[in-house]
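Undergrad: One structure is given below, represented as structure tokens, and several questions about it will come after.
What follows is calculated from the coordinates using simple rules that are stated; it is not laboratory data. Being a predicted model, the structure only gives us computed values, none of them experimental. Don't worry about glycine lacking a Cβ; one is built from the backbone with ideal geometry, like all the others, and counts go over all protein chains shown.
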Amino acid sequence: MAKVAEKPTRRVYTPHKAGLPPLGDYFGELWRRLDFAKELSDTNMRAANTNTVLGQAWLVVNPLLLAVVYYLLIVIVGRGQGADFGQITGGLFLYFFMSGVVTACATSVTNAGSLILNMNFPKYLLILSNLYLALRRFVPTLVVYAIIHVAYQKPITWHLLWVPVVIMLMSLFAAGLGAMTATWHVYFRDTAQFLPYFIRIWMYISPVLYSAEFFLEHFGDRTIGQVAQYVNPLFGLFGVWSDALNGNPVQGKFIALAVGWSLGVFLIGSIYFISRERDFAVRL
């Protein structure tokens, strides 16, 4: 019987276009590979020497020294008006946590170029890895703040239960914003160069060194004050944060702004990142 010749198999490779993969499969794979994100976080922590005693100490000393400097500036320039060392320290610790996530995520894709080219994995693991690393670095600063909170005899009330809620919302916000900047940096490599300046300016125009109530008291009746509290994504988050630390009832407006901005930025940033990640290998 004559053998029938088989036709050769043809494969046509086309470039990936922007679009979301099947999300069920994607998140299933993301869940199964969470250990990979943890190991990557451990590797980055060892590379930065932040798993050593001196490394952990510097994570606390750096923002603490800045808090002292800003406190002295407010005392000298503002003649003591609004000077609250506990408020400044707590605000800086939380802001440095957020900015640390965003800064690390910005270059996470480009720095993992070899990994992306040689392995097939959900790239959002890079975002989760940097978020997990930032949370580990944030824990020692919380311990230091707790000591400052007690030393300055700030109130210990049930309102402090809002602290973990704010940390969770800030984590979502930072992950979403970090995913956005990571995507932008793949296409526009100067993103990471401008980011530190943007982060520093953002800190000055947000209620980090002062409470949200202090801002509204002085600027709330002006147009800039009325607009800033809704346009600035950090206003609600730091409003809840400062109210909780100062033992004040948390305003419902701050809660709504914090939840809305955090979930909105997280969803938009994550979807944007995932929809573009299949194009990363071509751009690296």
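Undergrad: Using the Cα centre of the chain as the reference point, and only Cβ charges (+1 on K/R, -1 on D/E), how large is the resulting charge dipole? Debye, rounded to the nearest 20. Show your work: numbers first, answer last.
TA: Details: 21 positive and 14 negative charges, 208 e Å.
With Lys and Arg at +1 and Asp and Glu at -1, about 1000 debye.
Undergrad: Next question. Please find the FRET efficiency linking Asn120 to Val165, where r is the Cβ-Cβ separation and R0 is fixed at 35 Å, and quote it to the nearest 0.05. Mind dumping the intermediate values first?
TA: On the way: r = 36 Å, r/R0 = 1.04.
About 0.45, to the nearest 0.05.
Undergrad: Pull up the cross-link candidates among the aspartates and glutamates for Lys38, meaning alpha carbon to alpha carbon under 16 Å and not fewer than 8 places away within one chain.
TA: Glu29
Undergrad: On to the next question. Students often check this: by mean Cβ neighbours within 10 Å, which of 87-94, 148-155, 268-275 ranks highest, and how do the rest follow?
TA: Working: 87-94: 24.5, 148-155: 13.2, 268-275: 18.6.
Going by the mean number of other Cβ atoms within 10 Å, highest first, we get 87-94, 268-275, 148-155.
Undergrad: Further, regarding this structure: Among the aspartates and glutamates, which fall within straight-line cross-link reach of Lys154, defined as a Cα-Cα distance under 16 Å, with same-chain neighbours fewer than 8 residues apart omitted?
TA: The qualifying aspartates and glutamates are Asp84, Asp243.
Undergrad: With unit charges on the beta carbon (Lys/Arg positive, Asp/Glu negative), name the residue among Met203, Leu131, Val60 whose Cα is farthest towards the positive pole of the charge dipole of the chain.
TA: Leu131
Undergrad: Let me ask you something else. Looking only at Ser114, Ser171, Ser211, which one moves most when the chain is put into a Gaussian network model with springs between Cα atoms under 10 Å?
TA: Largest GNM mean-square fluctuation: Ser114.
Undergrad: For the chain, set up a Gaussian network in which alpha carbons nearer than 10 Å are linked by springs, and say which option among Ala192, Ala112, Ala182 fluctuates the most.
TA: Comparing Ala192, Ala112, Ala182 in the GNM, the peak value goes to Ala112.
Undergrad: If all Cα-Cα distances of the chain are sorted into 5 Å bins from 0 onward, what percent lands in each bin, rounded to whole numbers?
TA: Using 5 Å bins, I get a P(r) of 1, 5, 11, 15, 16, 15, 12, 9, 6, 4, 2, 1, 1, 1, 1, 1, 0, 0, 0, 0, 0 for the chain.
Undergrad: Moving on to the next point. Residue farthest toward the positive end of the dipole of the chain, with Cβ of Lys/Arg at +1 and Asp/Glu at -1: which of Val259, Ile271, Thr223?
TA: Positive-end residue among those listed: Ile271.
Undergrad: Could I ask something else about it? Starting from segment 177-284, pick out the trypsin sites (Lys or Arg not before Pro) whose DSSP state is loop and whose Cβ has at most 15 other Cβ atoms within 10 Å. Don't jump to the answer; show the numbers that get you there.
TA: On the way: sites: Arg189, Arg200, Arg222, Lys253, Arg276, Arg278, Arg283; in loops: Arg189, Arg222.
Answer by residue number: Arg189, Arg222.
Undergrad: Using each residue's phi in segment 95-108, evaluate 6.51 cos²θ - 1.76 cosθ + 1.60 at θ = phi - 60° and report the 3J(HN,Hα) Karplus result to the nearest Hz, with x for Gly and Pro.
TA: Going residue by residue, I get 5, 5, 4, 4, 5, x, 5, 5, 5, 5, 5, 4, 9, 5 Hz, with x marking Gly and Pro.
Undergrad: Taking only C-alpha pairs under 8 Å that are 6+ residues apart, what is the relative contact order of the chain in percent?
TA: Numbers: 324 pairs, mean separation 77.1, N = 284.
Reported relative contact order: 27 percent.
Undergrad: Now a separate question. Jot down the per residue volume, in cubic angstrom and as a whole number, of the convex hull over the alpha-carbon atoms of segment 69-202. Provide the component values of the computation, followed by the final result.
TA: Details: hull volume 16.3 nm³, N = 134.
Output value, Cα hull per residue: 122 Å³.
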